[in-house]
Amino acid sequence: MQDSFLNLYPKLEQHPSGQNLGLTGLWLAHGDEPLLQQWLVDAMRRSWNMQNLAIKRIELVSAKTWLDVLTELNSLSLFDDATAVIISGNHKPDKEVQQQLEAFAIEANAGSNQNCVLWLSSKIDKRAQTSKWFTPFAKFGQVVDCNLYNENQRQQLLAIHAQRFGLTLQPEAWQFLMVQTEHHLLSAYQALWRLSYLFAPQIAQLNQQDATSTPSDQAANTISIDVEALQAALVSDAQYSVFDLSDAMLAGNAIQVVRIIEQLRATEEPTPLVLWAIGKDMRLIMQLIDGQNPQSLGIWSSKQALYQAACHRQTPQSIADWPDILYQCDKAVKGVLRQPAWELILQAALRVTGVQLFT
């Protein structure tokens, strides 16, 4: 069975216990938007916890790692009723593992066991979905398409979170949010999250007044947000924003980049958000140098000249190690590296301006 994230996720939010949703057996969530997969895991995790399932994570380093998955499913626990195994990686199961996964899914569908396998994979195209390894998931399990294909779907998903936060955005506010966050899902979600804190007293008052009402009634009683309220929420405590950083990098203004990075660090701007802004520009520049059209990449016409100027400062040789730089920054942000994340972020941002601190 196949379903879309937008169809499944509201059901998980409305029924946290997972009753009648069958959150056991074989699951495959594929897509190129990690945030959607994380939200799916979070929603399913709440249900698994309520059902007393032990939750394990396994990274597929090779096709043989699937044997570790099967071992977890066959192991018994004295403290948990069953096990949910979350798998990440793109190594496909071999024929023998496929047969065992199929048998596992059939048993789970029949109620013989309450275990669950959730595989988080990159986007699987139509051709790959005809492969034999895909059959157990599509025929006996649940395949979830974790992709957004247009702006309407993006807004529909954000509206679900806005309602959960107790907010309702007016049409003009939605348009303003999309423009200000450059249609980036995480940035838009963070803006809604910040809004929920700004209006927390009003939302709490509504919830208190409607404590005896049904969930559907409570969903209707949300705070209406206009453009002015949204704009106030998007104003950062920092003197500069990550969008100012992007403009300075593309313009090649190294001194301004250092000034903005220092200000963002001093005001404790989230490092994942800063790294996202730098990584976005780096990837666009690499794609432009590779010969792709700026319009097809979604670059606004008002910024195309800036990106072209940034490309002229670079060569295929100078950008060859950019993916590794971003990877090192990501590890530092996550605490895997001991080197301070802000130091690596500054080095990456300066590379876009054409300045290389270290060889």
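What follows draws every value from the coordinates through simple rules; no lab data is involved. Bear in mind the structure is a predicted one, so any value in this text is a computation, not a measurement. As a convention, Cβ positions derive from the backbone with ideal geometry for all residues, glycine included, and neighbour counts pool all protein chains shown.
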Item to check | Residues whose placed amide H lies under 5 Å from that of residue 83, excluding near-sequence neighbours | outcome: 54, 115, 116
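Let me spell out the model: positive unit charges on the Cβ of Lys and Arg, negative unit charges on the Cβ of Asp and Glu, origin at the Cα centre of segment 78-117. What dipole size does that give, in debye rounded to 20? Don't skip to the answer; put the middle values down first.
Values: 2 positive and 6 negative charges, 34 e Å.
The dipole of segment 78-117 has a size of about 160 debye.
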Checklist outcome for this item: Amide H neighbours of residue 168 at under 5 Å, excluding residues fewer than 5 places away on the same chain, with H built from the backbone geometry, are 223, 224, 225
Next on the checklist: Quick check: convex hull of the Cα atoms in segment 240-336, volume per residue, rounded to a whole Å³?
Outcome noted: 98
Next on the checklist: Using a Förster radius of 30 Å, what is the FRET efficiency between residue 356 and residue 331 based on their Cβ-Cβ separation? Nearest 0.05, please.
Outcome noted: 0.90
Checklist entry - Pairs 280/334; 11/334; 280/303; 92/139: which exceed 22 Å Cα-Cα? => result 11/334
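Helix-only mean residue ellipticity at 222 nm, the chain, DSSP H runs n ≥ 4 weighted -39,500 (n - 2.57), per residue, nearest 500. What is it?
-16500 deg cm²/dmol
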Checklist entry - Hey, what do the phi angles of segment 332-346 turn into as Karplus ³J(HN,Hα) couplings, whole Hz, using 6.51/-1.76/1.60 and θ = phi - 60°, x for Gly and Pro? => result 5, 4, 7, x, 6, 9, 7, 5, x, 4, 5, 5, 5, 4, 4
Item to check | Exposed trypsin sites (Lys or Arg not before Pro) absent - longest run of the chain, DSSP non-H/G/I/E/B, at most 13 other C-beta within 10 Å | outcome: 128-333
Item to check | At 0.692 mPa s and 37 °C, Stokes diffusion of the chain via Kirkwood alpha-carbon radius, µm² per second | outcome: 142
Checklist outcome for this item: re segment 1-117: pairs of Cα atoms spaced beyond 18 Å account for a percent value of 52
Next on the checklist: Can you compute the charge dipole magnitude of the chain about its Cα centre, using +1 on each Lys and Arg Cβ and -1 on each Asp and Glu Cβ, nothing else charged? Give it in debye, rounded to the nearest 20.
Outcome noted: 660
Item to check | segment 147-160 - phi-based ³J(HN,Hα) in whole Hz, Karplus 6.51/-1.76/1.60, Gly and Pro as x | outcome: 9, 10, 9, 7, 5, 4, 5, 4, 5, 4, 5, 5, 5, 4
